[in-house]
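Here's the structure, in structure tokens; my notes come after.
Every read-out reported here was derived from the displayed coordinates using simple, explicitly stated rules and does not represent laboratory data. Here the structure is a predicted model, which means the values were calculated and not measured. Because the Cβ atoms are built from the backbone with ideal geometry, glycine has one as well, and the counts that use them run over all protein chains shown.
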Amino acid sequence: MILERFSMLDRIVAHDAETLTAEATLPLESPVFEGHFPGFPILPGVLMIETMAQAGGWLMVSRLAFERMPLLAKVGEAKMRGMLRPGDAVTIEAKLVHDGSGYAVLAGRIRDAAGKPVADAEYTLRTLPFPEESLRALVRARGTELGLP
Amino acid sequence: MAADTFDRIADIIAETANVDRATITPEAHVINDLGIDSLDFLDIVFAIDKEFGIKVPVEAWTEQVNTGKAPAEQFFIMKGLAERIDELVAAKG
């Protein structure tokens, strides 16, 4: 993870048409931790949500063959069940709940190294055509880096 | 238009977007008259998809309206919306 760049996933370890699993390790240091909180660094809950949304985003961008980009439109039923500290390793799961016309509803979960759920949420992604071909190329390259075929 | 379909959709809209059920008439425009924004409409479409077991092609509808190929009434007036849902359910078999 590189929090200040919103780079939340390190690698995609499994995915099929309706699920995706990724892994990530929290950095030992980050400007985010300097403020959240001084002397007691923990991952902000909003970044847990972002992490889950990115896993779902990669699932959708793969389903849509890199033709459309997903954007977070709604978060519902988000629960932050525990804290994540610098250096913690996590597994992130995304599961497709409903694939609609121009949107998708997904269920996300973050588990700690012991497999215990740390956060979960149901969220909605809109999908739009990429505004620029260059952005689509960047996303495709990043997907390859993460392990998407 | 099946009255049952209209009622089911109206109930969904009232509950999902917190709209007074009495204002949802067959002639009401979903966006203009009921004050529903695009995100609420997304929630409504999701609820309709689930309720009827269909995939409302809202993107195709919007494109048809925006390009002048179809009037908004065809999809976004409650009466028309219910008719289109009936068609989608019938096409599903």
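Please find, in a Gaussian network model of chain A (springs between Cα atoms separated by less than 10 Å), the residue of A:14, A:53, A:104 whose mean-square fluctuation is greatest.
Its mean-square fluctuation being the largest, the pick is A:14.
Cross-link partners among lysines for residue A:74, C-alpha distance below 17 Å, same-chain residues fewer than 8 apart left out?
Within the straight-line cut-off, residue A:74 pairs with A:95.
Under 8 Å for C-alpha pairs, at least 6 residues apart: give me the relative contact order for chain B, rounded to a whole percent.
Value for chain B: 38 percent.
Return the loop-located chymotrypsin sites (Phe, Trp or Tyr not before Pro) in the stretch A:66-149 (DSSP other than H, G, I, E, B) with at most 16 other Cβ atoms within 10 Å of their own Cβ; answer none if there are none.
Sites meeting the loop and neighbour criteria: A:66.
Going by alpha carbons, how many degrees (0 to 90, nearest 10) lie between the helix axis of A:45-63 and the longest principal axis of chain A?
Here the helix axis deviates by roughly 30 degrees.
For the stretch A:1-33, run through the GluC sites (Glu not before Pro) and keep only the ones in DSSP coil with at most 12 other Cβ atoms within 10 Å of their Cβ.
In loop regions of the stretch A:1-33 (DSSP not H, G, I, E or B), the sparsely surrounded GluC sites (Glu not before Pro) are A:29.
Hey, which of these cross-link pairs are over 29 Å Cα-Cα: A:79/B:79; A:79/B:92; A:79/B:50; A:116/B:55?
A:79/B:79; A:79/B:92; A:116/B:55
What list of ³J(HN,Hα) values in whole Hz, one per residue of the stretch A:17-26 in order, does the Karplus curve 6.51 cos²θ - 1.76 cosθ + 1.60 (θ = phi - 60°) give from phi, with Gly and Pro shown as x?
5, 10, 9, 8, 10, 10, 10, 7, 10, 5
Work out the charge dipole of the stretch B:3-92 with +1 on the Cβ of Lys and Arg and -1 on the Cβ of Asp and Glu about the Cα centre, then indicate which of B:23, B:71, B:91 is farthest towards its positive end.
B:91
Show that you can apply the helix-only estimate: for the protein assembly as shown, add -39,500 (n - 2.57) for every DSSP H stretch of four or more residues, divide by all residues, and state [θ] at 222 nm to the nearest 500.
The helix-only estimate for the protein assembly as shown comes to -12500 deg cm²/dmol at 222 nm.
Counting partner chain Cβ atoms within 10 Å of every residue's Cβ in A:95-103, what's the average?
The mean count of partner-chain Cβ atoms within 10 Å per residue comes to 5.
If you place +1 on the Cβ of every Lys and Arg and -1 on the Cβ of every Asp and Glu, how big does the dipole about the Cα centre of the protein assembly as shown come out, in debye to the nearest 20?
660
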